[in-house]
Amino acid sequence: MQPETPLLPTCPHQAAVDPSIPTPQPPTDSATPADGTADLEEAEDFLSQYYDEVPEQPVPFAHRLYQVRVQAEESGTYTHTPEELSFGARVAWRNASRCIGRLYWNSLSVRDLRGVTSPDEIHRELCEHLRLATNGGRIRPVISVFAPNAPSGPGPRVWNDQLVRYAGHRRPDGGVTGDPAYVGFTDAVREMGWHPPGGPFDLLPLVVETADDKPQLFEVDRDVVLEVPLSHPDHPFFARLDLRWYAVPAISNMRLRIGGIDYPLAPFNGWYMGTEIAARNLVDVDRYNLLPVVAEHLGLDTSSESTLWRDRALVEINVAVLHSFEAAGVKITDHHTESRRFLTHLAKEESQGRIVPADWSWIVPPVSGGLTPVFHRYYDEADLHPSFRLDDHARSLGRGQCPRDTELT
């Protein structure tokens, strides 16, 4: 597939900014040097962990550590071997305390794309990521790791929080067509030259930013985005709502940190748990807010909360999503199955003497939490490395806040 021509190569506010005003630096957490230098203490800890878990290595630990120290002394950073990169990416998933689906962490397919640097090449590889991860509906976990931050300059990044998201279009009546969570991002890419159809499920373009180029827009080719039309096994009205959702949840704005080095562009995906779509994306009042619509079609009494109309409508939306994905041959899991798998993961890790950090508020599903085994226990809280991190700068870009906005206010 040939890369798309960028729609417009500039940040929307670029021309309005006085070039003599210094650009504010993105916020960083306390463990991240702003100049891109590697943290050697973290590097040693990571290498020690790597050699402990994967002891059969062609280079002895002491010599590898010496290589890293010499390289860091000369350049301020060092280069992970492909094997170290793959191990670090997989362990970062293993350490992700908010993810319930970590049982298969070691099966993560790692794409080493550190040599891919131009915006059009990055766009091409992001689309390839979606194609490989989709796998004809047999979703497979994939991570694509691009160049890291370094003293010579920052690595590339994508503003989008996921590779696939739907636009939110403001209407004259004050409402929103599409996903209200992405109204700000939609406004930003419109200013950059995007001309969307204006429907409820318009794919947002990717904003690719590199150190050598201004932020550029690229359309996401629908050929690499598998979408599932939603229907219900018992209620024909559901299909008439003309709803859909995409198959691959590829998170793209979290920074992968391995051995004291940050990779700002490392999109990764697993497969969906049904509640992510059917109890959050389609249901939250600041998203598609479908509960009142479905309740009306079901003929539920919405005059009082005690009728539990919300709960009843919520269950039917979850039934519809699971049914639709399964009917389309697209991999998905339900929250009861995934909860049991997570406890299997806990047991496996504990048998290896490893801590499993977990955030209870994220691990417990948003539907029937008390009916799942993950509800009835406590979890370890630990900040482990390697890891995925989301800083304030990346979060603001994912909602459409231009990095130069602060200069204009």
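The values are calculated or read from the model by the stated rules, or taken from the named source; none is laboratory data. Values in this document were obtained by computation on a predicted structure and should not be read as measured data. Ideal geometry is used to build each Cβ from the backbone, glycine not excepted, and the neighbour counts take in all protein chains shown. Ligands, DNA and RNA are stripped out before the accessible areas are found, and what is left, the full protein with its side chains, is counted by its heavy atoms. Shrake-Rupley method; radii C 1.70, N 1.55, O 1.52, S 1.80 Å.
Its residue count N fixes a reference of 2.2 N^0.38 Å for region 247-339, and the Cα radius of gyration divided by that reference is 1.40. Apolar share of the accessible surface for region 163-281: 47 percent from carbon plus sulfur atoms, 1.4 Å probe.
Shape descriptor for region 41-82: Rg over Rh equals 0.95 (Cα atoms; Rh from the Kirkwood inverse mean 1/r). When Rg and Dmax are taken over the Cα atoms of region 318-409, they come to 18.6, 55 Å. Among P58, P197, P148, the largest mean-square fluctuation in a Gaussian network model of the chain (Cα springs under 10 Å) belongs to P58. Relative to its residue count, region 123-271 spans a Cα convex hull of 133 Å³ per residue. Ranked by the mean number of other Cβ atoms within 10 Å per residue, highest first, peptides 46-55, 226-235, 178-187 order as 178-187, 226-235, 46-55.
Computed over protein heavy atoms with a 1.4 Å probe, the accessible surface of the chain works out to 46 Å² per residue.
On a 0 to 90° scale, report how tilted helix 119-134 is relative to the longest principal axis of the chain, with both axes built from alpha carbons and the result rounded to the nearest 10. So the helix axis and the longest Cα principal axis differ by about 60 degrees. Relative to the longest principal axis of the Cα atoms of the chain, helix 309-327 runs at roughly 70 degrees. With the charge dipole of region 198-237 set up from +1 on Lys and Arg Cβ and -1 on Asp and Glu Cβ about the Cα centre, the Cα lying farthest toward the positive end among the listed residues T210, F237, P200 is that of F237. Of (1) -1.08, -1.26; (2) -0.93, -1.60; (3) -1.05, -1.50, which is the value of log10 I(q)/I(0) by the Debye sum over Cα atoms at q = 0.12, 0.15 Å⁻¹ derived from the coordinates here? Label (3) holds the value from this structure. For the chain, take the longest principal axis of its alpha carbons; what is the angle in degrees between that and the long axis of helix 61-75, to the nearest 10 within 0 to 90? That works out to roughly 90 degrees.
Do the sum for the chain: with -39,500 (n - 2.57) for every DSSP H run of n ≥ 4, divided by all residues, what is the mean residue ellipticity at 222 nm, to the nearest 500 deg cm²/dmol?
Helix contribution divided over all residues of the chain: -9500 deg cm²/dmol.
Derived value for region 213-273: Kirkwood hydrodynamic radius 15.1 Å. Basis is the mean of 1/r over every pair of different alpha-carbon atoms.
Charges were assigned to the Cβ only: +1 to each Lys and Arg, -1 to each Asp and Glu. The resulting dipole of the chain about its Cα centre is roughly 960 debye. Each other residue within a Cβ distance under 12 Å of L343 adds +1 if Lys or Arg and -1 if Asp or Glu, for a net charge of +2.
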